[in-house]
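First comes the structure, then the notes that go with it.
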Amino acid sequence: MAQLRSLVADNPTQVERTRAIEELSAAKMAELKRTVELGQSGRSDEALALVRSDRGREVMAGLRATIGEMSDAERGILATRNREWETAATISAGITWGGSALLLLRVFGAAVLSGRDFSAQLRQTWLRRGESELAGRLQGAETPEAVGARVASFLGEYLEARVAAVYFAEAPGRLRRVGAFGLPRDVAAAGADEPGGLTREAYRSNRFIETRNVPEDFF
């Protein structure tokens, strides 16, 4: 009974039923005790009359009814709590999956941004390293031809270019090739003055011109 009282302490209705069960139990035990005492004292007729009375039966009926009410109430509470738990579990699962999806999206977005930042940092590092190495290569070069040859050689290697040419604008509108890397023989033998084609156009328009998938013999 003490354990039962502690279990239902948060439910006033069940506390009242527990008190009723205690009172009915005490009444039943008193009735049984009185019956035993009458039998032991030789007053069997009185003991039998007490047993045959409806007093004990009524007490037991009250006990069974009260215990049944308690059991039904606890089952109802349990069912309600189970439904609440299932609802909470469903909501929690939705929040968890939704939060996980949002977290994945944020991680993906952060990874994309970090990847871009990392690529930009790598590019800047690559550029700075190239500038530093090129400056070292140019030390001691005093003529345009010496500078052009070293620049063409370095950029051909650093950019992994197939061919390279460096021109010097010694006068307005006049270009002279002062360095080359991997040029075909026929181009190299044609002379270093007055380039044409895209080289001339890039110089005149003062802008970069990039072309891809060019013919093998195109320079």
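The range 126-185: D in µm²/s via Stokes-Einstein (Kirkwood Rh, Cα pairs, 20 °C, 1.002 mPa s)?
178
When the Debye formula is applied to the Cα atoms of the chain, each taken as the same point scatterer, what base-10 log of I(q)/I(0) results at q = 0.09, 0.10, 0.12, 0.16 Å⁻¹?
-0.70, -0.77, -0.89, -1.15
Under a 1.4 Å probe, what is the accessible area of the chain per residue, stated in Å²?
75
To the nearest 0.05, how large is the calculated FRET efficiency for Glu46 and Glu23 if R₀ is 22 Å and r is the Cβ-Cβ distance?
Between Glu46 and Glu23 the formula returns 0.35.
How big, on average over all directions, is the shadow cast by the Cα convex hull of the range 18-113, in nm²?
9.5
Please work out how much length the chain gains when fully extended from Arg64 to Asn213, using 0.36 nm per residue of separation minus the C-alpha to C-alpha distance, in nm with one decimal.
Stretched out fully, the Arg64 to Asn213 stretch lengthens by 44.0 nm.
Roughly how many Å² of Asp72 are accessible to a 1.4 Å probe, to the nearest 10?
100
Using 7 Å Cα-to-Cβ label points, what is the Ala110/Leu159 separation (nm, one decimal)?
So the two model labels end up 3.9 nm from each other.
How large is ³J(HN,Hα) for each residue in the range 11-28, as worked out from phi by the Karplus curve 6.51 cos²θ - 1.76 cosθ + 1.60 (θ = phi - 60°), to whole Hz, x for Gly and Pro?
For the range 11-28, the Karplus-derived couplings read 10, x, 5, 5, 5, 5, 5, 4, 4, 5, 5, 4, 5, 5, 5, 4, 5, 5 Hz, x marking Gly and Pro.
Per-residue counts of other Cβ atoms within 10 Å, averaged by peptide: what ranking do you get for 15-26, 124-135, 50-61, highest first?
15-26, 50-61, 124-135
When the solvent-accessible surface of protein heavy atoms is calculated with a 1.4 angstrom probe, in what order do Arg162, Arg150, Arg5, Arg185 fall, highest first?
Final ranking, largest accessible area leading: Arg185, Arg162, Arg5, Arg150.
Points 7 angstrom from Cα along the Cβ direction at Val15 and Ser205: gap in nanometres?
With each label point 7 Å from Cα toward Cβ, the separation is 9.2 nm.
With every protein chain kept in the model, how would you rank Lys28, Lys33 by accessible area, 1.4 Å probe, largest at the top?
Greatest to least solvent exposure: Lys33, Lys28.
What is the percent carbon and sulfur in the accessible area of the chain, measuring with a 1.4 Å probe over the protein chains and ignoring ligands?
Of the solvent-accessible surface of the chain, carbon and sulfur hold 57 percent.
With the dipole of the chain worked out from charges on the C-beta (+1 for Lys and Arg, -1 for Asp and Glu) around the Cα centre, which of Thr211, Val59, Gly156 lies farthest toward the positive end?
Result: Val59, furthest along the dipole toward the positive end.
May I ask you to derive the relative contact order of the chain, considering only C-alpha pairs under 8 Å and at least 6 residues apart, and to give it as an integer percent?
Once normalised by length, the contact order is 9 percent.
For the range 115-212, build the charge dipole from Cβ charges (+1 Lys, Arg; -1 Asp, Glu) around the Cα centre, then report which of Gly140, Gly173, Ser119 sits farthest towards its positive end.
Ser119
Placing +1 at every Lys and Arg Cβ and -1 at every Asp and Glu Cβ, with all other atoms neutral, what dipole size does the chain have around its Cα centre, in debye to the nearest 20?
Here the size comes out at about 120 debye.
Give me the log10 of I(q) over I(0) for the range 63-186 at q = 0.11, 0.13, 0.16 Å⁻¹, as the Debye formula computes it from C-alpha points; what are the numbers?
With one equal scatterer per Cα and no solvent, log10 I(q)/I(0) is -0.69, -0.78, -0.93.
The values are calculated or read from the model by the stated rules, or taken from the named source; none is laboratory data. This structure is a prediction, so every number in the text was calculated from the model and none was measured. All Cβ positions, glycine included, derive from the backbone under ideal geometry; neighbour counts span all protein chains shown. Each accessible area value is taken on the protein alone, full model and side chains, heavy atoms only, with ligands, DNA and RNA left out. Shrake-Rupley method; radii C 1.70, N 1.55, O 1.52, S 1.80 Å.
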